[in-house]
Amino acid sequence: MLTNVEIRALKPAARPFKVPDGDGLYLLVQPSGALLWRFRYKMFGVERKLSLGSFPEVTLQQARHKRDEARAELADGFDPVEQKRQKQVEAELAAKTTFELVANEYIQKMEREGKSAATLKKARWFLELLGGIARRPIAAITPHELLDVLKRVERRGHHETAVRLRSFAGRVFRYGFATLRTEKNPADILRGALTVPRVKHHAAIVQPKKVGELLRAIEDYKGRPETLYALRIAPHVFLRPGELRQAKWSEIDFAEKVWRVPAERMKMKQAHAVPLSRQALYLLQDLRTLARSSEFLFPALHTTLRPISDNTMNVALRRLGFEHDEMTSHGFRAMASTLLNESGLWHPDAIERALAHGERDRVRAAYHRGAHWDERVRMAQWWSDYLDQLRVGGAVIKAKFRKRG
């Protein structure tokens, strides 16, 4: 068996020659002076050679260890040369399989699944926030690397963004795991590592007299008619701002007095039906006389091919004198939820269905859609009548809590 002293004393010759160590391991001494480790073995009676590196980069001890690993593969029926080639292919593939590549695949999958344009846009933004780490092989990214990126976002005061960014990265890693591109999810390890921001509720006016003031202010709005009608209709229908502003005329059934919002526009991805009160129908019919040959109820200023922007109603509220911490376009839902519940006249489940809050139990959800529809129709009309009373400064309805059980 060779020793390090013997190896260092070897001199090159005019032709390559071999110096054996044992069990198939030998050094190939090249005329250039290079010392190359080789392992010679037979597979199905055919002699083969496996390169193990060069000395001194691969030491004598390391070469023997590699030889023993190769012998173990042989004992298990595997060809060491083929195993090495397979590992090289996997390593090259892993190097090319970056987080960015997998993330873009995942975003394309989200698009095929019908996720909203806003959700897809946010996912691409999260991918940009990850910066250089996104160009790293997904299987090579460590928790420390990901945490460093998240902490940089957090140090800028964007706590909620950092939390959402970790969640997005986790979903991409899980997709990479499911498609056999990585065996770990560093984002899962980082649960609890970030500061969780306090939940901020959308600002809303919920005092009846102030609701009346808001409704009267809306009637005096001097901006675009489409924005005025969006503000006038919003209190009656309980829709989220995005669901309202992207509304299309094809969704309104004037004969049945129903607004049917398709699943792809709903937050919970379930189609939603809104019973329309007399007041809501009147506003919609009035708005239709102003229609600018657009499929949208509320087309944008410079094109009828798109609806108003997601900030149009909030800007209008600011112009009316209501600050962002006092009232938002999303606040119309909180207004309805609060006052309807405080009235004590309506079943809480009917209110939840009207607000299109998701029901995790699908059987229960299906039952509630049917069981509470008639009540929701009555509630929609009562609510619009109540808004009219508040708008003209009429009597405030006090809570009438029903006896339970």
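The values are calculated or read from the model by the stated rules, or taken from the named source; none is laboratory data. None of the values given here were measured: they were computed from a predicted structure. Because the Cβ atoms are built from the backbone with ideal geometry, glycine has one as well, and the counts that use them run over all protein chains shown. The accessibility values were calculated without ligands, DNA or RNA, using every heavy atom of the protein model including side chains. Shrake-Rupley method; radii C 1.70, N 1.55, O 1.52, S 1.80 Å.
Across all directions, the average flat footprint of the convex hull enclosing the Cα atoms of the stretch 49-125 is 8.5 nm². Distance from the C-alpha centroid of the stretch 293-312 to that of the stretch 243-289: 16 Å, rounded to the whole angstrom.
The length gained by stretching the chain between Arg164 and Glu47 to full extension, at 0.36 nm per residue less their Cα-Cα distance, is 36.4 nm.
Compared with the direct C-alpha span, the chain from Ala193 to Met1 gains 63.8 nm at full extension, assuming 0.36 nm per residue.
A viscosity of 0.890 mPa s and a temperature of 25 °C, combined with the Kirkwood radius over Cα pairs in Stokes-Einstein, give a translational diffusion coefficient for the stretch 268-314 of 195 µm²/s.
Loop-located trypsin sites (Lys or Arg not before Pro) across the stretch 216-289 with a Cβ neighbour count of 10 or fewer within 10 Å are Lys222, with loop assigned by DSSP.
The residue list Ala217, Thr182, Thr227 was ranked by how far each Cα lies along the charge dipole of the stretch 165-262 toward its positive end, using unit charges on Cβ atoms, and Thr182 comes out on top. In this calculation the C-beta distance from Ala271 to Arg306 is compared with R0 = 30 Å, giving a FRET efficiency of 0.85. Amide H to amide H, with H built 1.01 Å from N, Thr98 comes under 5 Å of Ile138, counting only residues 5 or more places away or on other chains. Take the Cα of Ala217, step 7 Å toward its Cβ, do the same at Arg40, and the gap between the two points is 9.2 nm. Less than 5 angstrom separates the built amide H of Val274 from those of Trp259, Arg260, Val261, all sequence-distant by 5 or more or on a different chain. Straight-distance candidates among the lysines for linking to Lys18, with alpha-carbon spacing under 28 Å and chain neighbours fewer than 8 residues away dropped: Lys42, Lys49, Lys66, Lys84, Lys87.
Of the accessible area of the stretch 148-220, with the probe set at 1.4 angstrom, what percent is carbon plus sulfur? Carbon and sulfur atoms account for 52 percent of the accessible area of the stretch 148-220. Comparing Ala356, Ala118, Ala204 in a Gaussian network model of the chain (Cα springs below 10 Å), the most mobile by mean-square fluctuation is Ala118. Sites listed here are GluC sites (Glu not before Pro) in the stretch 284-350 whose DSSP assignment is loop and whose Cβ has at most 16 other Cβ atoms within 10 Å: Glu295, Glu323, Glu326.
Database remark: amide H of Asp21 closer than 5 angstrom to the amide H of Tyr26, Leu27 (H placed geometrically; neighbours at sequence offset of 5 or more, or on other chains; Pro and chain starts carry no H). With θ taken as phi - 60° and the Karplus curve 6.51 cos²θ - 1.76 cosθ + 1.60 applied, the whole-hertz 3J(HN,Hα) list for the stretch 333-349 is 5, 5, 4, 5, 4, 5, 6, 5, 5, 5, 5, x, 8, 10, 5, x, 5 Hz, x standing for glycine and proline. Loop-located chymotrypsin sites (Phe, Trp or Tyr not before Pro) in the stretch 231-293 (DSSP state other than H, G, I, E, B) with a sparse environment of at most 13 neighbouring Cβ atoms within 10 Å: Phe254.
The residues of the chain have, on average, 57 Å² of accessible surface per residue, using a 1.4 Å probe with all protein chains present.
With R₀ fixed at 22 Å, the C-beta to C-beta distance from Glu264 to Glu295 puts the FRET efficiency at about 0.90. Measuring between alpha carbons in the structure, the pairs from Lys96/Lys269; Lys122/Lys248; Lys122/Lys210; Lys209/Lys248 lying more than 30 angstrom apart are Lys96/Lys269; Lys122/Lys210; Lys209/Lys248. Under the convention that each Lys and Arg Cβ holds +1 and each Asp and Glu Cβ holds -1, the size of the dipole of the stretch 159-229 around its Cα centre is about 240 debye.
Mind putting a number on the dipole of the chain about its Cα centre? Charges go on the C-beta only, +1 for Lys and Arg and -1 for Asp and Glu, and I need it in Debye to the nearest 20.
220 debye
The modelled label-to-label distance for the pair Arg288/Asp325, using points 7 Å beyond Cα in the direction of Cβ, is 4.4 nm.
Since only Ala140, Tyr282, Tyr106 are under comparison, the one whose Cα sits farthest along the positive direction of the charge dipole of the chain, derived from C-beta charges on Lys, Arg, Asp and Glu, is Ala140. At full extension, Val19 and Ala75 could sit 17.7 nm farther apart than now, given 0.36 nm per residue minus the alpha carbon distance.
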